[in-house]
Amino acid sequence: MPTDSRLGAGYGGSTSELDQLIANLRGGPGNDPHVAEQVIGVARAWQRPVRIQVTGRAGAGKTTMLQALALMSAQETAPVDAPGQPDPVLDADLLVYVLASALQPGDREALSRLPRERTLVVLNKADAVGSRWADAVVAVDQCAYDMGVPALPVVAELAVRTRSGTPTDVDLATLRRHAGNADPSFTLTGELFTSGDYGPDVAERAAVLERWGLFGVATALSALRHDPDLGPQQMRQILHAVSGIDPVHALLHRRYEQAGAQRGGEFLDELARVAARSGGAGAGRARDLIEDYLAGDEALWLGLLSGLACPQVVHLAAGYPSPYPADADDAVIRAQRWRAVVSSDMPAAARRAALRVHNGYVRLFERMSSAGL
Ligand SMILES: Nc1nc2c(ncn2[C@@H]2O[C@H](COP(=O)(O)OP(=O)(O)OP(=O)(O)O)[C@@H](O)[C@H]2O)c(=O)[nH]1
Ligand SMILES: [Mg+2]
């Protein structure tokens, strides 16, 4: 039984049950090459990488966000709500909608048309919202509430800087010299920060500003006020944490896994359709072969993962350290719980997902108890 939740991602050349099915459809007794081709097509659609689009209005920070995320399968779209231009087609598996500091009417309009379970909002340029980080958090919470999608604050520009560099000892020495400056207007603008009024090291301050940006400089100065001995790596970690990019990465990663798992469920549905179409008078064994596959360990595991990823029941599995049960006892307890969901009054899609999870845990229980695990 595979334990890897990304089962299928590496399919191709491995001896999975799906490979076996395709081989049997192609060449075994009662073979049906035509059905084999259909199954291969369905498998390819399933294994295509999860696509991510980074979108938002002109100048929101899409390119910067893309650089900060450094994800291979992410693409920037044309700007949303651009005068005289059609809106981009937003059809990726996951959508990252970048807001520049605040929700504009055009953003509301665009967001209201996007599928909620596939969309997340990042409020970029959080450094330009109000006067404190708490102001950005309030703005983000309001946006999440209004639009019904998760939203996170981020300073993508700073995340790009900490991704590609670490403050040097020279940077820190320059900043340390000014950490005691109590003038609140010192880091209000770049011009003030590099003003000759604050000492002769204008060129050094300009260099630090160029490397870390105004928000990075202001953050580093307040960190040094608390601990003047902070070293380059510690400072990099502080700036990185403050950029807010890690929670975006974590949420995106969870959504990515979820989208992959849901695709697994669609793959099983498609296979069931191919099987249904390949029956009838004069048909070969294709239908039986596919049905055997669908009743096998691999398909049941895929079904379990897709059921757990179903948006209507995903919260019920929030306590699981892993989709894979610890042992046979754990498997049977999980199977019973999901059985209760199947017979509950939840919507049909939720009950169907629960049935897949239930069936998967029943199979795992059988395997784990018979193997004496
Ligand atoms: N203050 C601040 N500025 C940022 C941040 N992220 C990006 N910017 C700036 O915003 C401007 C636009 O950023 P881009 O990443 O080019 O925005 P975009 O959405 O790709 O723009 P278009 O492709 O032209 O629509 C640039 O000047 C960035 O330096 C941020 O977190 N804070
Ligand atoms: Mg751009």
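The values are calculated or read from the model by the stated rules, or taken from the named source; none is laboratory data. Remember, predicted model here, so these are calculated numbers, not experimental data. Here the Cβ is made from the backbone with ideal geometry for all residues, glycine too, and neighbour counts use every protein chain on show.
Quick notes on this one:
- Some residue of the range 163-185 being within 16 Å of ligand 2 (Cβ to nearest atom) and not acidic (Asp, Glu): no
- Inclusion of Gly244 among residues that are of a type in the set (Gly, Ala, Ser), in contact with a Leu (Cβ under 6 Å, 6 or more places away or on another chain) and buried (at least 20 other Cβ atoms within 10 Å of the Cβ) is not warranted.
- Residue that is touching a Ser or Thr at 6+ places or on another chain (Cβ under 8 Å) and not acidic (Asp, Glu), where the choices are Leu103, Leu111, Leu152, Leu99: Leu111
- Qualifying residue in the range 116-125 (condition: in contact (Cβ under 8 Å) with a residue 12 or more places away in the chain, among the hydroxyl-bearing types (Ser, Thr, Tyr) and in the same structural domain as Arg225 (by TED's automatic domain parsing)): no
- Test: residue in the range 152-173 that is assigned to a loop (DSSP other than H, G, I, E, B), over 29 Å from the mean Cα position of the chain (by Cα) and without any contact (Cβ under 8 Å) to a residue 12 or more places away in the chain: no
- Options Arg367, Arg356; residue that is charged (D, E, K, R), closer than 20 Å to Gly265 by Cβ and not in a loop (DSSP other than H, G, I, E, B): Arg356
Per-residue answers, yes or no, for (1) closer than 21 Å to Arg132 by Cα; (2) out of contact with any Leu (no Cβ under 8 Å at 6 or more places or on another chain):
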{"position": "Arg177", "(1), (2)": "no, yes"}
{"position": "Gly180", "(1), (2)": "yes, yes"}
{"position": "Gly190", "(1), (2)": "yes, no"}
{"position": "Thr194", "(1), (2)": "no, no"}
{"position": "Asp201", "(1), (2)": "no, yes"}
{"position": "Val208", "(1), (2)": "no, no"}
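- Filter pass, Ala349 being buried (at least 18 other Cβ atoms within 10 Å of the Cβ) and not assigned by TED's automatic domain parsing to the domain that holds Val149: no
- Within the range 145-156, the set of residues being out of contact with any strand residue (DSSP E or B) (no Cβ under 8 Å at 6 or more places or on another chain) and either over 21 Å from Ala134 (Cβ atoms) or within 16 Å of ligand 2 (Cβ to nearest atom) (or both) comprises just one member, Gly148.
- Within the range 112-144, the set of residues being of a type in the set (S, T, N, Q) and within 16 Å of ligand 2 (Cβ to nearest atom) comprises just one member, Asn124.
- Considering residues of the range 66-100 that are among the β-branched types (Val, Ile, Thr) and within 15 Å of ligand 1 (Cβ to nearest atom) only, the residue surrounded by the fewest Cβ atoms within 10 Å (Cβ to Cβ): Thr77
- For the range 289-334, a residue qualifies if it is surrounded by 15 or more Cβ atoms within 10 Å (Cβ to Cβ) and among the acidic types (Asp, Glu), and the qualifying residues are Glu291, Asp292, Asp297, Glu298, Asp330.
- Qualifying residue in the range 94-111 (condition: more than 15 Å from ligand 2 (Cβ to nearest atom) and of a type in the set (Lys, Arg)): yes
- Boolean, Val140 is crowded, with 21+ Cβ neighbours inside 10 Å, assigned by TED's automatic domain parsing to the domain that holds Lys125 and part of a helix (DSSP H, G or I): yes
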